[in-house]
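Chemist: Can you keep this structure in mind? I'll have questions shortly.
Read-outs: derived from the displayed coordinates by stated rules, not from any lab. The structure presented is a predicted model; accordingly, all values stated were derived computationally and were not measured. Neighbour counts are summed over all protein chains in view; Cβ atoms, including those assigned to glycine, are modelled from backbone coordinates with ideal geometry.
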Amino acid sequence: MSLLELNRVQAYYGGIEALKGISLTVGEGEIVTLIGSNGAGKSTTLKSICGQVKTSGEIRFKGEAISSWLPHQIAASGIAHVPEGRRIFPKLTVKENLEVGAFSVKDKALVKERIEQAFAYFPRLKERYRQAGGTMSGGEQQMLAIARGLMMKPDILLLDEPSMGLAPVLVDQIFEIIQELNASGMTILLVEQNAYHALQIADRGYVIQTGEITMQGKASSLIADEQVKESYLA
């Protein structure tokens, strides 16, 4: 059974149809990537899963229909969304940003334990423990955004353009961390414009164009496909 399943999902911004009946699945323990050009509907797909845009169709998580749930209910069910542009709290320290990520965890000892787990993945954040998030580099802010998403110990991590705006050496580092998280058992749905990097680490992939899934398959097959190469890997 799939951990996450979208069946003919349509999404709307006002009267504009942004997703035109897409279907995709993410199995437990997989990295699945969604690639496509700017404006294709990648970010809208993640927002639809998280209840942030109006949708029709069916979204199921762990076998339950969640389309009618509120965003905070979806987050509490085990779905963590790390949005495009990081969106950390710039005036809060690293520690405070992580604590916000565990907003519904009442056990302070458990929050502290999860912060230490985050530092195991991101040692740089431990060095910046009391530093305001907005004063850190773009790469450090991206690490903080991912670490904050892990604070609820989600079943699936939705990552939206984690490499955007980063220097190549930091892009490699972020993708290594994504692989480490997956190796530890984390299921990941990755939206990424850097299609080559994404397909290199993913199990499966989907190509989205103007709100429709146009191709899908094993990542190794997509990365070898001539049409994908010409459109996204050139």
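Chemist: Sorted from fewest to most neighbouring beta carbons within 10 Å, what does the list THR214, THR44 look like?
Modeler: So the residues, fewest neighbours to most, are THR214, THR44.
Chemist: Among ALA40, ALA219, TYR121, which residue has its Cα furthest toward the positive end of the charge dipole of the chain, with +1 on Lys/Arg Cβ and -1 on Asp/Glu Cβ?
Modeler: Of ALA40, ALA219, TYR121, it is TYR121.
Chemist: Separate question: Report the charge-dipole magnitude of the chain in Debye, nearest 20, computed about the Cα centre from +1 at each Lys and Arg Cβ and -1 at each Asp and Glu Cβ. Walk me through the intermediate numbers first.
Modeler: Numbers: 24 positive and 26 negative charges, 169 e Å.
Computed about the Cα centre, the dipole is about 820 debye.
Chemist: Would you calculate the separation in nanometres between label points at LEU233 and GLU127, each defined as 7 Å from the Cα along the Cα-to-beta-carbon direction?
Modeler: Using points 7 Å along Cα→Cβ, the separation is 3.5 nm.
Chemist: Using a/c under 1.5 as the rounded threshold, could you call the stretch 1-86 rounded, prolate or oblate? The axes a ≥ b ≥ c are square roots of the C-alpha gyration tensor eigenvalues, and prolate needs a/b larger than b/c, oblate otherwise.
Modeler: Verdict is rounded for the stretch 1-86.
Chemist: If I model the stretch 89-153 as equal point scatterers sitting on the Cα atoms and use the Debye formula, what is log10 I(q)/I(0) at q = 0.18, 0.20, 0.24 Å⁻¹?
Modeler: -0.53, -0.66, -0.95
Chemist: In the stretch 118-162, which trypsin sites (Lys or Arg not before Pro) fall in coil by DSSP and have 14 or fewer other Cβ atoms within 10 Å?
Modeler: Passing both the DSSP loop test and the Cβ count: ARG130.
Chemist: Follow-up. Can you tell me the equivalent ellipsoid semi-axes for the stretch 179-234? Use √(5λ) from the Cα gyration tensor, largest first, whole Å.
Modeler: Ellipsoid semi-axes (Å, largest first): 21, 12, 10.
Chemist: At 7 Å along Cα-to-Cβ for each site, give me the label-to-label distance between GLU96 and ASP203 in nm.
Modeler: 4.0
Chemist: May I pose another question? How big is the chain on each of its three principal axes, counting only the C-alpha atoms and giving the largest first in Å?
Modeler: 46, 39, 33
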